[in-house]
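Take a look at the structure set out below.
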Amino acid sequence: DLLGGGEQPLDPLGGMLGGAAPEPFQLGIGVMMDGNAFQARWGQLPDMPQQSRQMRPAMGGPFSTAAIEETMRRVGINVIASGALPNSQALKFFFYARQATGPAGMGPGDIWFLLELVMAPGGIATCTMKADNAQGASVE
């Protein structure tokens, strides 16, 4: 094709007609949610299917709430509460995140993700997620 348009029609305003690439999914960085808002949403939203995965042994890094929280925060997943489970080496976290870009919400407003994560070193990590206003494409 001499115009470089392939099989797609040309837009006289300077672009190709046809599907614009969808925005990639990203989480918002530095998002805030208070504990009361988290608890209210957690109590109202249905659970999604629980996910469990075998954890790899820790490789030189500390297995601590602070280390895990910092790693998650860097990608837009923020902690609302965390701690060690009694009589266990397992750690439990409650996280939240807000979608910044990606699939549109099911309605107006922000798209939120709430997570409960239990991690046992050398054992199983189990995650329960709840989504507010998210389409399936945001949680797959």
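Things worth noting here:
- Cα-centred dipole magnitude for the stretch 26-138, charges only on beta-carbon of K, R (+1) and D, E (-1), debye, nearest 20: 240
- Where N is the number of residues in the stretch 64-137, Cα Rg divided by 2.2 N^0.38 Å: 1.24
- ARG56/ASN36 FRET efficiency (R0 25 Å; Cβ-Cβ; nearest 0.05): 0.10
- Peptides 83-95, 40-52 ranked from most to least packed, by the mean per-residue count of other Cβ atoms within 10 Å: 83-95, 40-52.
- The share of accessible area on the stretch 26-92 that comes from carbon and sulfur is 53 percent, using a 1.4 angstrom probe.
- In the stretch 17-140, a dipole from Cβ-located charges (positive for Lys and Arg, negative for Asp and Glu) runs towards its positive end, and of PRO24, MET106, PRO121 it is PRO121 whose Cα lies farthest in that direction.
The values are calculated or read from the model by the stated rules, or taken from the named source; none is laboratory data. The shown structure was predicted, so the numbers you read here are calculated from the model rather than taken from an experiment. Neighbour counts are summed over all protein chains in view; Cβ atoms, including those assigned to glycine, are modelled from backbone coordinates with ideal geometry. Ligands, DNA and RNA are stripped out before the accessible areas are found, and what is left, the full protein with its side chains, is counted by its heavy atoms. Shrake-Rupley method; radii C 1.70, N 1.55, O 1.52, S 1.80 Å.
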